[in-house]
Amino acid sequence: MAEKLIMLVEDNADDEELTLRALKRSKIANEVAVTRDGSEALEFIFGTGQHEGRDLSRMPTVILLDLKLPKLGGLEVLQRLRADPRTRLIPVVVLTSSSEEEDMLRSYRLGANSYVRKPVEFSTFADAVSQLGLYWMLLNEPPPRF
Amino acid sequence: MAALVYRSVQRKLLRAVLLSTLAALLVAIAAMVAYDLALYHRSWIADLRTQAELLGRSSAPALAFDDARVAQENLNLLRYRQQVRAAAIYSANGRRFASYAIDPAQSFPALPEPDAVRIDGDDLIVFSRIINDREILGTVYLRAEYELYDRLFAYLGIAALLLVVAMAVAFVLSRRLQRAVMQPLLAIANIAREVTEKRNYALRAQKLSEDEIGQLAESFNTMLAEIGRATRDLEASNREAAREVSERRRAEEEVLRLNAELEQRVRERTAQLEYTNGELEAFCYSVSHDLRAPLRAIDGFSQALLEDFPADVPEDARRYLNRIRTSTLRMAQLIEDLLNLSRVSRGELLHQEVDVAEIARQVVQDLRHREPGRNVEVSIWDSMHAHGDSKLLRVALENLIGNSWKFSSKAEHPQIEIGLLRDGSKNTFFVRDNGAGFDMAYANKLFGAFQRLHSVNEFQGTGIGLATVQRIIHRHGGRAWADAKPGKGAVFFFTLESSAAASAGLRVPQSEAA
């Protein structure tokens with residue numbers, strides 16, 4: 001069985017690096033696939049566009065999804081994922097700066113498994129990312145293979 | 001109509017005149033006839049009695065001497081009185097001594113009767129005793145015509161003729177009288193009709209006589225003048241009313257037009273507001289997402305510097321980096337508070353029954369949880385209810401109680417009291433502490449955003465909390481104010497609409513164990 005894959009959808013390079021740094025510091029060595037906008041994320045997951053020919057048997061174990069993304073927003077990505085039988089069950093964690101109630105509600109309504117606010121303070125942020133990695137990689141039982 | 005009335009009145013008058021004439025005549029005739037008949041009756045009887053007496057006196061010697069021839073001659077003298085149909089003289093022993101009759105077939109009573117007068121059919125019969133020296137010599141019998149009914153019928157004939165003539169005269173006279181009376185009345189009636197038809201109240205009845213009808217004409221004219229004036233007044237006021245109505249209609253149309261205009265303007269403003277609100281939402285959303293990311297990067301990479309190059313960062317640089325991080329976090333807090341302030345201003349209020357005491361208890365519990373080391377005596381009154389948005393009221397209480405919690409941190413025995421003053425329908429809640437307080441000279445700055453009465457070194461804070469509280473209370477239609485003394489603590493008041501369920505609340509403070 002291939003190594004578990006973490007997918008990060010994040011357009012901000014700083015946040016990307018900080019997230020990766022936090023994962024690395026909490027000793028999570030799983031591969032992290034990073035896409036920088038909504039449409040690229042979908043192309044990666046479904047193996048289309050610039051990710052044509054990707055091995056589709058290897059689906060991310062968890063997707064860390066930012067909401068504010070260029071081209072296609074995070075909520076739209078979530079909607080597409082939930083509409084497709086191949087990706088309907090993939091755990092999606094919304095990881096965002098937004099504390100807007102509306103964002104939270106819509107995310108959960110569209111089928112997000114979790115909603116985590118990125119704290120400004122790095123140590124807290126690192127803590128959150130670390131806990132997320134540990135939980136979804138080690139503690140959580142992923143849905144049976146589809 | 002007038003002609004009919006006229007005719008009817010005329011007939012009534014005529015009938016009245018004729019009937020009264022008839023009645024008067026009948027009574028007069030009846031009285032005269034009765035008197036005459038009674039007189040005739042009495043005088044005729046007296047006459048016959050006298051005649052019988054005379055016959056008796058003149059025949060007494062004949063009876064005494066039994067000389068029937070003399071008696072017969074006496075009787076025969078009666079032929080000069082044609083009314084006497086028959087006569088006889090009876091002797092004392094009842095024998096018919098002599099007799100006389102116009103009609104030879106006339107029968108006589110077989111025996112005489114005592115002195116008597118009676119009526120037998122059309123005849124009057126008289127018996128009269130012949131007395132001489134108290135000795136009854138015989139009886140005279142007279143039968144004479146009794147003409148009472150003949151006379152009566154004759155009278156009736158005369159009466160009938162008299163009645164006819166009298167009635168004819170009365171009729172003619174009353175017609176002339178009527179003309180004199182009715183003509184002025186008819187003239188008034190005609191004027192009345194003309195007035196009714198033409199609505200011309202300037203017409204006047206002519207006064208034809210100085211009597212009741214003349215007075216009637218005068219009164220009628222006065223009435224016409226009165227009606228004319230009243231009508232003119234009425235018409236004037238009608239015209240005034242019509243003018244007012246049309247003015248009112250114009251005003252109403254104006255109001256409708258203004259309303260439509262206003263509604264249009266409201267729609268436009270609403271659209272503008274909605275657009276602005278949308279912009280604001282987008283702005284806040286953007287702030288919420290984008291403004292924090294760079295801060296996170298600043299903080300994150302400052303920390304990375306410290307962690308990844310522990311040996312290369314000198315002590316001063318480490319201190320500066322920490323300052324950068326502190327400012328970053330403060331900036332993040334400011335953004336957070338600003339977003340909160342904006343959030344309480346946006347969105348619909350969800351009005352419902354709110355248990356203020358329960359929210360206060362939860363807020364205090366959170367504070368105790370966050371700072372377990374603090375020992376604060378908190379008393380929250382029982383049964384405090386209000387009508388409002390529970391989420392926003394919680395934010396307000398979080399800020400107020402949080403302030404009390406924060407500013408009482410340097411007090412020896414920190415105390416916080418949350419209560420409710422009820423005055424009629426007005427509910428004034430208060431949050432009291434014995435903390436640092438403040439100078440009331442700055443009270444007007446208290447609720448402004450970013451206004452602080454203490455330095456950050458003294459007490460942490462962004463200065464947005466009370467602005468948020470005030471905005472929440474204002475949105476509920478309430479008022480917020482404060483009272484304080486430096487070093488003696490502060491009381492923050494706010495009013496909220498009471499709810500019906502709150503009316504049964506108690507005012508007994510309930511101490512919560514610290």
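The values are calculated or read from the model by the stated rules, or taken from the named source; none is laboratory data. Everything numeric here is computed off the predicted structure, so don't read it as measured data. For neighbour counting, all protein chains shown are included, and Cβ atoms are generated from backbone atoms with ideal geometry for every residue, glycine included.
Quickly run through segment B:72-97 and pick out the residues that are of a type in the set (G, A, S), more than 18 Å from B:L48 (Cα to Cα) and in contact with a helix residue (DSSP H, G or I) (Cβ under 9 Å, 6 or more places away or on another chain).
From segment B:72-97, those of a type in the set (G, A, S) are B:86-88, B:91-92, B:94; that's our starting set.
Within this subset, residues satisfying the condition of being more than 18 Å from B:L48 (Cα to Cα) are B:91-92, B:94.
Within segment B:72-97, B:S91, B:A92 qualify.
State whether the residues of segment A:116-130 include one that is in a strand (DSSP E or B) and either within 14 Å of chain B (Cβ to nearest Cβ) or farther than 22 Å from A:K24 by Cα (or both). Talk me through it step by step, then tell me what you get.
If we filter segment A:116-130 for residues that are in a strand (DSSP E or B), which is where we start, we get A:116-117.
Within this subset, residues satisfying the condition of being either within 14 Å of chain B (Cβ to nearest Cβ) or farther than 22 Å from A:K24 by Cα (or both) are A:116-117.
Yes, there is a match, as at least one residue in segment A:116-130 is in a strand (DSSP E or B) and either within 14 Å of chain B (Cβ to nearest Cβ) or farther than 22 Å from A:K24 by Cα (or both).
Could you tell me whether segment A:57-69 includes any residue that is within 14 Å of chain B (Cβ to nearest Cβ), out of contact with any Asp or Glu (no Cβ under 8 Å at 6 or more places or on another chain), surrounded by 21 or more Cβ atoms within 10 Å (Cβ to Cβ) and in contact (Cβ under 8 Å) with a residue 40 or more places away in the chain?
Looking through segment A:57-69, at least one residue is within 14 Å of chain B (Cβ to nearest Cβ), out of contact with any Asp or Glu (no Cβ under 8 Å at 6 or more places or on another chain), surrounded by 21 or more Cβ atoms within 10 Å (Cβ to Cβ) and in contact (Cβ under 8 Å) with a residue 40 or more places away in the chain.
Look at segment A:1-24 and say how many of its residues are over 15 Å from A:A126 (Cβ atoms) and assigned to a strand (DSSP E or B).
4
For segment B:294-352, which positions are within 24 Å of A:L20 (Cβ to Cβ), among the aromatic types (F, W, Y) and more than 10 Å from chain A (Cβ to nearest Cβ)?
B:F309
Restricting to helices (runs of 4 or more DSSP H) lying wholly in segment B:306-419: which have 3 or more residues that are more than 24 Å from B:A490 (Cβ to Cβ)?
Result: B:315-345.
Of the conditions (1) under 27 Å from A:P144 (Cβ atoms); (2) touching a Lys or Arg at 6+ places or on another chain (Cβ under 9 Å), A:S39 clears all except one; give me its number.
(1)
Condition (residue is at pLDDT 85 or above, over 20 Å from B:N132 (Cβ atoms) and surrounded by 12 or more Cβ atoms within 10 Å (Cβ to Cβ)) applied to segment B:47-55: is it met by at least one residue?
Yes - at least one qualifying residue is present in segment B:47-55.
Is segment A:25-43 home to any residue that is under 24 Å from A:L138 (Cβ atoms), within 14 Å of chain B (Cβ to nearest Cβ) and either assigned to a loop (DSSP other than H, G, I, E, B) or not polar (S, T, N, Q) (or both)?
The answer is yes; a qualifying residue exists.
In the set A:R80, A:R106, which member is within 30 Å of B:L341 (Cα to Cα) and out of contact with any strand residue (DSSP E or B) (no Cβ under 6 Å at 6 or more places or on another chain)? Quick ask: steps written out before the conclusion?
On the way: A:R80 fails: within 30 Å of B:L341 (Cα to Cα).
Only one candidate qualifies: A:R106.
Listed residues B:T270, B:T222; which is within 30 Å of A:S98 (Cα to Cα) and away from chain A (no Cβ under 14 Å)?
The conditions single out B:T270.
Residues that are within 11 Å of chain B (Cβ to nearest Cβ), touching a strand residue (DSSP E or B) at 6+ places or on another chain (Cβ under 6 Å) and crowded, with 17+ Cβ neighbours inside 10 Å: does segment A:89-98 have at least one?
No, every residue in segment A:89-98 fails to be within 11 Å of chain B (Cβ to nearest Cβ), touching a strand residue (DSSP E or B) at 6+ places or on another chain (Cβ under 6 Å) and crowded, with 17+ Cβ neighbours inside 10 Å.
Let me confirm something: among B:E254, B:E279, which residue is away from chain A (no Cβ under 14 Å), surrounded by 10 or more Cβ atoms within 10 Å (Cβ to Cβ) and over 60 Å from the mean Cα position of the chain (by Cα)?
Among B:E254, B:E279, only B:E279 is away from chain A (no Cβ under 14 Å), surrounded by 10 or more Cβ atoms within 10 Å (Cβ to Cβ) and over 60 Å from the mean Cα position of the chain (by Cα).
Hey, can you tell me all the residues within segment B:218-266 that are touching a Lys or Arg at 6+ places or on another chain (Cβ under 7 Å) and among the acidic types (D, E)?
B:E218
Listed residues B:R475, B:R432; which is surrounded by 15 or more Cβ atoms within 10 Å (Cβ to Cβ), touching a residue at least 24 places away in the same chain (Cβ under 8 Å) and more than 23 Å from B:V364 (Cβ to Cβ)?
When all the criteria are applied, what remains is B:R475.
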